[in-house]
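First comes the structure, then the notes that go with it.
Laboratory data are not the source of any read-out in this text; all were calculated from the coordinates shown. Everything quoted here is computed from the prediction, not taken from an experiment. Cβ placement follows ideal geometry from the backbone for every residue including glycine, while neighbour counts extend to all protein chains displayed.
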Amino acid sequence: MIAWLSHHLHALSLALRQFSNAPLANLLNVIVIGVAISLPTGVYTLLGNLQTFFGQISETPQLSLFLELDADKTTISEIESRLKQHSQVAKFQFISKESALNQLKQDSGLTDVIDSLAQNPLPDAFIINAKSTEPKALEILRNEMQKWPKAEHIQLDSAWTKRLDALLKLGQLGILILAALLSFALVVVTFNTIRLQILTKRDEIEVSKLIGATSNFIRRPFLYFGAIQGISGGVFAWLIVALVIYLINGELKELVQLYAINIHLYHLPFGDSISLLLFSSWLGWLGAWLSVATHLWQIEPK
């Protein structure tokens, strides 16, 4: 175990030394990797903020439960009790037929016409906010309420949730495609970087093989170098996204004051940040491994 750890620490120190020997070239590679990774990361962060923002302005999806005209107080009390106990109901508001009629008078300006009606044509209603924003869950809740006593009609205002869900799915697909293309490009960048290193160290590798060095021993420093280059690019991408969010939030302050709405972009959460660094490190390692596997076997002692 100690020998294994010693070998890996030695390989890591060689990789760090190699990384510092050509600071400008390695810095340019890190910048290229960082800019490329920041593109899908920035879009992913933007989608997350959009989802949060639309959730704030739209609150929770609403269902309007309209009762039959002959619904009595007992029925209203029974439905109110069901809503209080329902696990999928966040909150609800009862609007009596009298309140609805008075509101219609104020909004329409047709007081004389409404007063001439023989009876109130409006039903009692409940405005219900559901806990889930999933369109499927809302449909299930609506179908369940439709079977309740004296429930005449359930109106579900879910058009915005369906559109938002479709847009988010489209955005997620775009992120996956963009991330896949750029990941391939980053693997190619690391592949070429390691290939050049192998060519410049050809004599050193031949001597190492002559004195009995194993392929794993020769391979480790290159793999660590690729991982270091990848994780450095991930850190740079994280900083780019953080800077962009900071600048945008600065510009949004004036918009918040004008429209009195809460608009604030949030950076990647801790878990996603760690995933970003691990993924970028893995891309660098993968590019290095492919390069070493392709070129190292071609070098044999003469």
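Here the calculated FRET efficiency for residue 176 and residue 204, from their Cβ-Cβ distance with R0 = 35 Å, stands at 0.30, rounded to the nearest 0.05.
With a cut-off of 14 Å between beta carbons, the residues surrounding residue 197 carry a summed charge of +4, where Lys and Arg count +1 and Asp and Glu -1.
Under 5 Å between amide hydrogens, built in the peptide plane, is the criterion, and for residue 150 it picks out nothing among residues at least 5 positions away or on other chains.
In this rough spin-label picture, where each label sits 7 Å from Cα along the Cβ direction, the residue 27-residue 219 distance is 3.4 nm.
For the cross-link pairs 84/169; 73/147; 84/150; 73/136; 91/253; 97/136, the ones whose C-alpha atoms lie over 28 Å apart are 84/169; 73/136; 91/253; 97/136. Annotation: amide H of residue 71 has no partner in the under-5 Å range at sequence separation 5 or more or interchain, hydrogens built in the peptide plane.
Extension gain residue 270-residue 88, at 0.36 nm per residue separation less the Cα-Cα distance, in nm? It would help to have the intermediate numbers written out before the result.
Details: separation 182, 0.36 × 182 = 65.52 nm, distance 2.98 nm.
Here the answer is 62.5 nm.
A straight chain from residue 148 to residue 81 at 0.36 nm per residue would run longer than the Cα-Cα distance by 22.9 nm.
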